[in-house]
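Heads up: the structure comes next, in C-alpha cells.
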Amino acid sequence: MATDEELLLPPYAGIRLADVCMVRSEQDAAEALAALSAMDALGFDTESKPTFLKGEVSTGPHLVQLATDECAYLFQIGAAPALDVLRAVLESPAILKVGFGLSDDVKRLRLKLDIESRNVLDLATALRKGERNTLGAKSAVARFFGQRLQKSKKITTTNWAVARLSEKQILYAADDAHVALRIYRRWRSDQLA
C-alpha cells in the first residue's frame, strides 16, 4: 500500500516495450546469453500463476525475468533454449543477480528446474538500513528516485502460464527485473559517493 507521500510522487516511467525481448527461439537465446553473460549484475525476478484455493500448490515459476541496464529478457518456462540460458546465467558465480524478495524465486527454480542460483542479492533485506521490515520495490523507487512505482494487483494475479502474455504482463514483468537493477546501481553509487 502506497503512503500518502508516495501517492504525491511523479510516476516511475519504467522500461519501454521496445527494450524487452521475449526469448522464444535459439537465436533469441544466443543473443540473450551473450548480453547477460557480459554483465557484472542483472535484475532478476520470476512470476508464477497464482493459486487461489486452500492447499493448492504452485506450479511456478512460469516466467523468469533477467535485465541488463538497457534491456529485459523474459523467459517463459517450457521453451528448451530458455532453460540452457537460465541455467548458465543463474548458476554463474561471476554475475550478481539482484531483486526483491528472491528466496521463494530461488527455491522454486531449484525445485522445478533444478537450477541452483548463485551470487544472489535480495534488495528487500540489503536496503533496510537497520529498519525492521524489508523494503519493497515501491518504497525503494520512492527513496532512490523520488518516483511512484505503480504495481497493478490485477496484473500481479494474472495467469503467468499462458502461452502469449499480454503487453501489460510483459511490461510489468520486465519492470520488476529492470527496476531492481536500476535501484542496485543507484544504491552502490550512493555508497561510493
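Here are a few things to note about the model shown:
- Residues considered: ALA80, ALA72, ALA94. Of these, the only one that is at pLDDT 95 or above, surrounded by fewer than 15 Cβ atoms within 10 Å (Cβ to Cβ) and among the hydrophobic types (A, V, I, L, M, F, W, C) is ALA94.
- Any chance PHE100 is touching a strand residue (DSSP E or B) at 6+ places or on another chain (Cβ under 6 Å) and of a type in the set (Phe, Trp, Tyr): no
- Scanning region 116-128 for residues that are of a type in the set (D, E, K, R), touching a helix residue (DSSP H, G or I) at 6+ places or on another chain (Cβ under 9 Å) and surrounded by fewer than 16 Cβ atoms within 10 Å (Cβ to Cβ) gives GLU116, ARG118.
- Any chance GLY55 is under 22 Å from LYS107 (Cα atoms) and out of contact with any Leu (no Cβ under 9 Å at 6 or more places or on another chain): yes
- Looking across region 112-153 at every residue that is among the hydroxyl-bearing types (Ser, Thr, Tyr) and part of a helix (DSSP H, G or I), the one that is nearest to ILE183 (Cα to Cα) is identified as SER139.
- Residues that are within 14 Å of GLY43 (Cβ to Cβ) and either buried (at least 20 other Cβ atoms within 10 Å of the Cβ) or more than 13 Å from the chain's Cα centre (by Cα) (or both), drawn from region 97-115: LYS97, VAL98, GLY99, PHE100, LEU102, ASP105
- The condition of being closer than 21 Å to ILE170 by Cα, over 17 Å from the mean Cα position of the chain (by Cα) and at pLDDT 90 or above holds for only one of ASP45, ASP28, that being ASP28.
- Given (1) touching a residue at least 24 places away in the same chain (Cβ under 8 Å); (2) out of contact with any helix residue (DSSP H, G or I) (no Cβ under 7 Å at 6 or more places or on another chain); (3) under 27 Å from GLU31 (Cβ atoms), index of the condition ARG110 fails: (1)
- Scanning region 140-193 for residues that are among the aliphatic types (A, V, I, L, M), over 15 Å from the mean Cα position of the chain (by Cα) and closer than 20 Å to GLU47 by Cα returns ALA161, VAL162, ALA163, LEU165.
The values are calculated or read from the model by the stated rules, or taken from the named source; none is laboratory data. Source: prediction; values computed, not measured. Positions of Cβ are backbone-derived with ideal geometry, glycine not excepted, and every protein chain shown enters the neighbour counts.
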